[in-house]
Ligand SMILES: [Zn+2]
């Protein structure tokens, strides 16, 4: 196995570097959530953290990493003899794949062996492996629901508990939780969000020299990982040494009352829930002081800690962007008794945050030789160009366009209308997808899953993890005589074993097909339509559905939002949606058809619900109405569940949406009937069509 990428060699990412180091200094800080786009080396850096963690002392042979000084009294491998002593091993960073099984995470109890051989066999899972180390989840926002529940339980209790058919095992599971996520792919549940001590936003550098350095080091590493790691070993060892020193110093750091009050003031002014924010900010401030070799927490420590600990704890609704208003923060940080707020200088220059490549003459930069020998040597100076690219500040070529874009489009010129704000969202009725599928966990339709309610039993195939006891006993009972049973116990064979068939709820894909044409464009009406779609989006968010948005207006239909788990983006696209022009209903439905075809290839288990929001008036080509009806029948032929929201209003109603619904084989509801508390008697659910 080749050497891992060294922690010290990673360019930039100062906040992430600091957050990880602070957790290594003080595990009580509670982990890090890393938010950012793909390709920012955030995972590389997290993985490299393992090499920087101090060693842990363990009881030899214990699979649950018991501390020799305080062994877990419930340890399944215990009880441990105090005289046995301890041995040191490297701290672990354990990766949890987002699609892992429950058994993989919590461990598995081998019921087959337990029953047929009378042996209680427990195979530890990732929670056991991560005890006293780091549990790392890449793309944590995509983690399956049942794993999130297990994780939250373990994190809250500090133990993992596995129970199968009355046999239970319990062991300690305390770990730093580190997760990365791309917010464009969906947000985290608030309870899980709260489990991360700190949060950091990362983005790739826009600085050409830094970008070049990233690539240079990456190439050098790929060319010879071991030599590259060896070159950085000194830096990494120094950092590990400093972390160890800071960890020892932690107990001697004083948090003065004035600073503790500052922390309380900040947390109160950001209206965070509960007391966790205060605690994490205090612990982080203390770790910062220790890291900088100080014995007392300063106001600057508190500010830095708040920036890391608070952004994800503000009470907010799901569509708000995360982040912290720094002006508000500085306001809250100010001591009301202090005379004048003096501008504080940037933190000391000895942090891990400034040991990057921009440090210039650090030993590693001359050690970068090998990649120079790849033929690019000497020409590296070319990257000094940035000055020229930001030249000519006076010339503003974009100004003219910007003013046109910024201003509301003139009405009455026949051009499109500017975006209309959405009406307030409300709770919608549940529209479900009929039948039973195999999709990801969620709440809109039923699916065969590893968790959920037991609905039957089947002959066990492979290793048995979900034994159906009654069915197994029934199967075995038939053969007891033939097997020559004499004692009290049942004589079991492998072939008797039956496993439970479980059914849970699955998340779906809800594809909105929204009419944004002129016939819908009356201001008040479009506002109501947007409010309705926003409400349905909120509902989809709560049910962990993927959402997509197709709109049609003017000459064509567009896939405004490709299927994503990020309902936030859906809401943003909807808010900015302009309206006007003709009504190519058929084009909208065809676009939906194509989108679903692609999505079936990409995510075949997730079943779709198409929600068409229109007044049903098709205008556009010669045969607009015919086109729309043919497209509707084509879509219906794929068997997809759909729903039409009829937006027609006014004294004369044509009932076109209802006809469209007929072609789609879909129920139709009016805007008013969408609300959960509106007209409960009018239940024309999707389910009734099944
Ligand atoms: Zn143990």
Legend entry - Full-stretch length increase - residue 156, residue 558 - with 0.36 nm per residue and alpha-carbon distance subtracted: 140.2 nm
Legend entry - the stretch 228-326 pair-distance distribution - Cα-Cα, 10 Å bins, rounded %: 16, 37, 26, 16, 5
Legend entry - Reciprocal mean inverse distance between Cα atoms of the stretch 509-612 - Kirkwood radius, Å: 13.6
Inset, instruction - At 0.36 nm per residue, minus the direct Cα-Cα distance, what do residue 90 and residue 261 gain on full extension? Give it in nm, one decimal, please. - result: 57.7 nm
Inset, instruction - Take the Cα radius of gyration of the stretch 459-501 and divide it by 2.2 N^0.38 Å, with N its residue count; two decimals is plenty. - result: 1.16
Legend entry - Gain in span if fully extended, residue 527 to residue 55, counting 0.36 nm per residue against the direct Cα distance: 164.0 nm
Inset, instruction - Note down, for the stretch 563-622, the three equivalent ellipsoid semi-axes (square root of 5 times each alpha carbon gyration tensor eigenvalue), biggest first, whole angstrom. - result: 24, 17, 9
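No lab work stands behind these numbers, since they all come straight from the coordinates. Just so it is clear, the model here is predicted, and its values are computed rather than measured.
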